[in-house]
Amino acid sequence: QKEVEQNSGPLSVPEGAIASLNCTYSDRGSQSFFWYRQYSGKSPELIMFIYSNGDKEDGRFTAQLNKASQYVSLLIRDSQPSDSATYLCAVTGWGFGNEKLTFGTGTRLTIIP
Amino acid sequence: DVKVTQSSRYLVKRTGEKVFLECVQDMDHENMFWYRQDPGLGLRLIYFSYDVKMKEKGDIPEGYSVSREKKERFSLILESASTNQTSMYLCASSLIAGFQETQYFGPGTRLLVL
């Protein structure tokens, strides 16, 4: 059984600062890692995915993956009030039979104006 | 843009009723998924399907069944609704099985079982 752990928060960050969200996973065979954002009462929407060790940047967002430590993080630079949401980490394996995403319970992020 | 739609945003049913939740995607995706989301428990996979008439159990299939007669439509069935099935139900789809395949979510159905 794959497990994905996230600090539930809430995490409060001042506007303009860097928000750092962390996620650990139990299955060493996990291949791909996704970050979803979910606003209250809405469905999750993909922010970005990463599958190679290191950093991946997309605008104000940077995903970081360390497979040796089984750790993935999401950094949000220049945080905006619109970034206030719950952030879900999800992991999956590779190929047929590994289509399932295993989600963490999410971290609630609040950006303070 | 990928569009995943769900038949209802809110549903209220009585214990013992048979409940159908429908999901339709318009992007010819192979895979479709049903999740439920509960506070403190996150998103949990109920069933998924990787092809028409094919289905696989997820982590919490008990009390549910599914049907996929057409590629674009995936139905979740609660054979006899119970109060512990009160939850937010989310449908998702993805193009193919693969490690970079994004799942796209529908708007969700909030089900209350009385």
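Which condition from (1) crowded, with 18+ Cβ neighbours inside 10 Å; (2) more than 9 Å from chain A (Cβ to nearest Cβ); (3) over 10 Å from the mean Cα position of the chain (by Cα); (4) within 14 Å of B:Y50 (Cα to Cα) is the one that B:A81 breaks?
All conditions pass for B:A81, except number (4).
B:Q103 - would you say it is buried (at least 21 other Cβ atoms within 10 Å of the Cβ), closer than 23 Å to A:T102 by Cα, in contact with a strand residue (DSSP E or B) (Cβ under 6 Å, 6 or more places away or on another chain) and among the polar types (S, T, N, Q)?
For B:Q103, the condition - buried (at least 21 other Cβ atoms within 10 Å of the Cβ), closer than 23 Å to A:T102 by Cα, in contact with a strand residue (DSSP E or B) (Cβ under 6 Å, 6 or more places away or on another chain) and among the polar types (S, T, N, Q) - is met.
Of the numbered conditions (1) away from chain B (no Cβ under 13 Å); (2) closer than 30 Å to B:Y10 by Cα, A:Q6 satisfies every one except a single condition; which is it?
Only one criterion in (1) away from chain B (no Cβ under 13 Å); (2) closer than 30 Å to B:Y10 by Cα is unmet by A:Q6, namely (1).
Per-residue answers, yes or no, for (1) away from every other protein chain (no Cβ under 14 Å); (2) in contact (Cβ under 8 Å) with a residue 12 or more places away in the chain:
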site: A:P14; (1), (2): yes, yes
site: A:T24; (1), (2): yes, yes
site: A:S32; (1), (2): no, yes
site: A:Y36; (1), (2): no, yes
site: A:G41; (1), (2): no, no
site: A:F49; (1), (2): no, yes
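Report whether or not A:G41 is surrounded by fewer than 15 Cβ atoms within 10 Å (Cβ to Cβ), closer than 21 Å to B:G106 by Cβ, modelled with pLDDT under 95 and out of contact with any His (no Cβ under 9 Å at 6 or more places or on another chain).
yes
Could you tell me whether any residue of the range B:63-76 is in contact with a Gly (Cβ under 8 Å, 6 or more places away or on another chain) and either without any contact (Cβ under 8 Å) to a residue 60 or more places away in the chain or farther than 16 Å from A:T92 by Cβ (or both)?
No, that holds for no residue.
Looking only at the range B:4-57, count how many residues are without any contact (Cβ under 8 Å) to a residue 60 or more places away in the chain, of a type in the set (K, R) and more than 10 Å from chain A (Cβ to nearest Cβ).
Here the count works out to 4.
Among the residues of the range A:60-79, is there at least one that is on the phi > 0 side of the Ramachandran plot and either within 14 Å of chain B (Cβ to nearest Cβ) or among the basic types (K, R) (or both)?
Checking the range A:60-79: not a single residue is on the phi > 0 side of the Ramachandran plot and either within 14 Å of chain B (Cβ to nearest Cβ) or among the basic types (K, R) (or both).
Within the range B:1-28, how many residues are under 16 Å from B:S67 (Cα atoms), outside any strand (DSSP E or B) and not polar (S, T, N, Q)?
Summing the residues that are under 16 Å from B:S67 (Cα atoms), outside any strand (DSSP E or B) and not polar (S, T, N, Q) in the range B:1-28 gives 1.
The values are calculated or read from the model by the stated rules, or taken from the named source; none is laboratory data. In this text the structure is predicted, and so the values were computed from the model without any measurement. Positions of Cβ are generated from backbone atoms using ideal geometry, with glycine treated the same way; all protein chains shown enter the neighbour counts.
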